[in-house]
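Colleague: Shown below is the structure under consideration.
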Amino acid sequence: AIDLTQFAFIQSNPGDGGRYITTGSVFTSDPELGMNFGTYRCQLRGPRLIGVNPEPGQRAWKMFMAQRERGEKLAKVSIVLGQDPMMWVVSGSALTKGMLDDELAITGGLRGRAVEVVRSETNDHMVPAHAEMVIEGEVPLQEPMLPEGPFGEMFGYLGRRKDENFWMRVTCVTHRRNPWILNQFTGVTPGFCRVPMDALALYRLRKVFPDVLALDSVGGATGWIV
């Protein structure tokens, strides 16, 4: 009965490869690399098929590659939508780099109380008990990858179409009776929260150049730093 096309996921840019799930926290895990959740674009390819796009070097990508090299056939994934705002901040930023790897604990610290969690229906990921929707599935690691994109990844820029990318078979969807679906207009507005990332960049920069007073990433020009 699963049909993700019936929910309010949209195509936010004219040049996008289709409709996308853009605001999920994608939960992955690995026995050696631990637990992770991050926000990766997920192309809606059909009622029970979506793309999953961690970029090379990101933790989910490292997990998928490590599991594939070990000969594992499937990676279990849970995608949480309508999550706590502080979870969204942690999920969509590099706040945890070089810090505590338990992102649920960091989320709890930011919000001032622990995140109540429950076990996913079809895997062992512990996900927030209070969310609008959880999409669960399996990423095949030994099957051919699928093309994905293009996608308006940043303000004024269209990310290239990828010939090969990870994808997921959806096995279970749980949601509120009338879930609120949040879509992120990444290609047409610069309005994402840059302050945490600027603060982390300034912290690192001062280790090398102690006299730096401030840093700002220009919202209207991706990649420009003042």
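The values are calculated or read from the model by the stated rules, or taken from the named source; none is laboratory data. Owing to the predicted nature of the structure, the values given are computational and were not obtained by experimental measurement. Methodologically, a virtual Cβ is constructed for each residue, glycine included, from the backbone with ideal geometry; neighbour enumeration extends over all protein chains shown. Calculation scope for accessible area: heavy atoms of the full protein, side chains included, ligands and nucleic acids excluded. Shrake-Rupley method; radii C 1.70, N 1.55, O 1.52, S 1.80 Å.
Colleague: Under a 1.4 angstrom probe, counting protein chains only, how are Cys172, Cys42 ranked by accessible area, largest first? Intermediate values should be presented prior to the final figure.
Modeller: Values: Cys172 20, Cys42 0 Å².
The ordering from most to least exposed comes out as Cys172, Cys42.
Colleague: Let me know the longest stretch in the chain that avoids all GluC sites (Glu not before Pro) found in a DSSP loop with at most 11 other C-beta atoms within 10 Å. Before the final figure, lay out the partial values.
Modeller: Working: sites that count: Glu32, Glu116.
In the chain, the maximal stretch lacking such sites is 117-226.
Colleague: Now a separate question. Please identify the trypsin sites (Lys or Arg not before Pro) of the stretch 101-180 that satisfy two criteria: DSSP loop assignment and at most 14 other Cβ atoms within 10 Å. Which are they?
Modeller: Numbers: sites: Arg111, Arg113, Arg119, Arg160, Arg161, Lys162, Arg169, Arg176, Arg177; in loops: Arg113, Arg160, Arg161, Arg176, Arg177.
Loop-located and lightly packed - Arg113, Arg160, Arg161, Arg176, Arg177.
Colleague: Still on this model: Whole-Å semi-axes of the chain's equivalent ellipsoid, largest first, each the root of 5 times a Cα gyration tensor eigenvalue? Kindly include the intermediate steps, with their values, before the conclusion.
Modeller: Working: eigenvalues 152, 90, 71 Å².
Over the Cα atoms of the chain, the semi-axes work out to 28, 21, 19 Å.
Colleague: Can you tell me how much longer the chain between Ala94 and Tyr157 gets when fully stretched, taken as 0.36 nm per residue apart minus their C-alpha distance, in nm with one decimal? Can you show the working numbers first?
Modeller: Values: separation 63, 0.36 × 63 = 22.68 nm, distance 2.08 nm.
Taking Ala94 through Tyr157 to full extension adds about 20.6 nm, to one decimal.
Colleague: If you build a Gaussian network model of the chain, linking Cα atoms that sit under 10 Å apart, which residue out of Tyr203, Tyr40, Tyr157 swings the most?
Modeller: Tyr203
Colleague: Can you give me the distance in nm between label points at Glu32 and Ile181, each placed 7 Å from the Cα along the Cα-to-Cβ direction?
Modeller: That separation, rounded to one decimal, is 3.8 nm.
Colleague: Compute the relative contact order of the chain as a whole-number percentage, counting only Cα pairs closer than 8 Å that sit 6 or more residues apart in sequence. Write out the running numbers ahead of the final one.
Modeller: Values: 448 pairs, mean separation 48.4, N = 226.
Dividing the mean separation by the residue count of the chain yields 21 percent.
Colleague: Just the accessible area for Asp3, please: 1.4 Å probe, Å², rounded to the nearest 10?
Modeller: 50 Å²
Colleague: With no solvent and one point per C-alpha, what does the Debye sum give as log10 I(q)/I(0) for the stretch 4-135 at q = 0.12, 0.18 Å⁻¹?
Modeller: Cα-only, vacuum Debye calculation for the stretch 4-135: -0.47, -1.07.
Colleague: How large is Rg/Rh for the stretch 25-94, to two decimals, with Cα atoms and a Kirkwood Rh? If you can, show how the numbers build up before the last one.
Modeller: Details: Rg = 12.4 Å, Rh = 12.8 Å.
Ratio of gyration radius to Kirkwood radius for the stretch 25-94: 0.97.
Colleague: So, one more: What residues have an amide H closer than 5 Å to that of Arg45, excluding those fewer than 5 places away on the same chain, when H is modeled at 1.01 Å from N in the peptide plane?
Modeller: Ile50, Gly51
Colleague: Also: Based on the Cα gyration tensor of the stretch 146-190, what are the three equivalent ellipsoid semi-axes, each the root of five times an eigenvalue, rounded to whole Å and given largest first? Numbers along the way, then the final one.
Modeller: On the way: eigenvalues 127, 79, 4 Å².
The answer is 25, 20, 4 Å, longest axis first.
Colleague: For Phe37, Phe209, give the ranking by accessible area with the largest first, probe 1.4 Å. Could the numbers behind the result be given before it?
Modeller: Values: Phe37 0, Phe209 120 Å².
The most accessible residue leads, giving Phe209, Phe37.
Colleague: Where does the chain land at 222 nm, in deg cm²/dmol rounded to the nearest 500, when only DSSP H runs of n ≥ 4 count, each adding -39500 (n - 2.57), divided by all residues?
Modeller: Values: 4 runs with 41 residues, N = 226.
Counting only the DSSP helices, I get -5500 deg cm²/dmol.
Colleague: Checking a compactness column here: for the stretch 145-226, what do you get for Rg(Cα) / (2.2 N^0.38 Å), N being the number of residues? Can you show the working numbers first?
Modeller: Working: Rg = 18.3 Å, N = 82, 2.2 N^0.38 = 11.7 Å.
Computed over Cα atoms of the stretch 145-226, the ratio equals 1.56.
Colleague: Right, next: I'd like the FRET efficiency for Arg194 and Leu110, computed as 1/(1 + (r/R0)^6) with the beta carbon distance as r and R0 of 25 Å, rounded to 0.05.
Modeller: Values: r = 17 Å, r/R0 = 0.66.
Efficiency, rounded to the nearest 0.05: 0.90.
Colleague: For the stretch 99-176, I need the span (max minus min coordinate) of the C-alpha atoms along each principal axis, in Å, sorted largest to smallest.
Modeller: 42, 33, 29
Colleague: Let me ask something else about it. Tell me, how many Å apart are the Cα centres for the stretch 1-18 and for the stretch 27-57?
Modeller: 17 Å
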